[in-house]
Structures are given as structure tokens and as C-alpha cells.
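Novice: Could you have a look at this structure, given as C-alpha cells, before my questions?
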Amino acid sequence: MFVGEFSVTDKAPDKIAYLTDLLETLEKNKLSYAYFSFNGWKGWSYPFESYNDSLKNENPTLTLLKEYWSKNKYNVD
């Protein structure tokens with residue numbers, strides 16, 4: 001099964017908690033998925049999410065997505 005595009009607007013309360021719960025559920029059930037929307041409307045797209053530049057950190061959504069994406073690497077051993 002493939003879970004098509006999902007996301008949550010950057011104005012939603014508890015955005016990171018929602019995405020964490022969703023990603024954890026998808027991973028637990030070994031479901032493939034796609035995050036919506038890369039470089040789309042800035043309210044959906046993680047590259048445009050507002051965050052504190054003075055901290056020199058990635059935005060919270062991108063940090064979370066990278067954590068889960070790193071789990072999905074194909075081993076060619």
C-alpha cells in the first residue's frame with residue numbers, strides 16, 4: 001500500500017506532533033508514503049516554513065522528515 005501526499009499546514013497547532021504520530025504509524029506498518037508538497041504553497045511546503053534563523057537550525061518539519069527518510073534506505077549488501 002502507498003499513502004499518497006500528506007502534510008499539515010504550518011499554522012496548525014501541534015504540527016510536529018501530528019506529523020510524528022503519522023510517520024510513526026506509517027513506519028510501524030511498513031507503508032510507503034510521500035510528503036506533500038515539495039516547493040509548493042509555502043503553507044504546506046517545508047522549505048518555506050518559518051523558523052528562527054538566528055538559531056541556525058533547520059526548520060522543525062525538515063528535521064523531522066529527514067529523521068524518518070534516513071530510515072528508508074535500500075541496502076545493497
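We did not get these values from a lab; they are worked out from the coordinates using the rules stated. All values reported here derive from a predicted model rather than from experimental measurement. Note that each Cβ is placed from the backbone with ideal geometry, even for glycine, and that neighbours are counted across all protein chains shown.
Novice: So, in nm, how far is label T63 from label L26 when the simple model puts each one 7 Å beyond its Cα toward the Cβ?
Specialist: Those two pseudo-labels are separated by 2.0 nm.
Novice: Could you order peptides 60-68, 25-33 by the average number of other Cβ atoms within 10 Å of their residues, highest first?
Specialist: Ranked from most to least packed, the peptides come out as 60-68, 25-33.
Novice: Something else now. Amide H neighbours of Y33 under 5 Å, counting only residues 5+ apart in sequence or on other chains, H built in-plane at 1.01 Å?
Specialist: Close amide H contacts, sequence-distant or interchain: V3.
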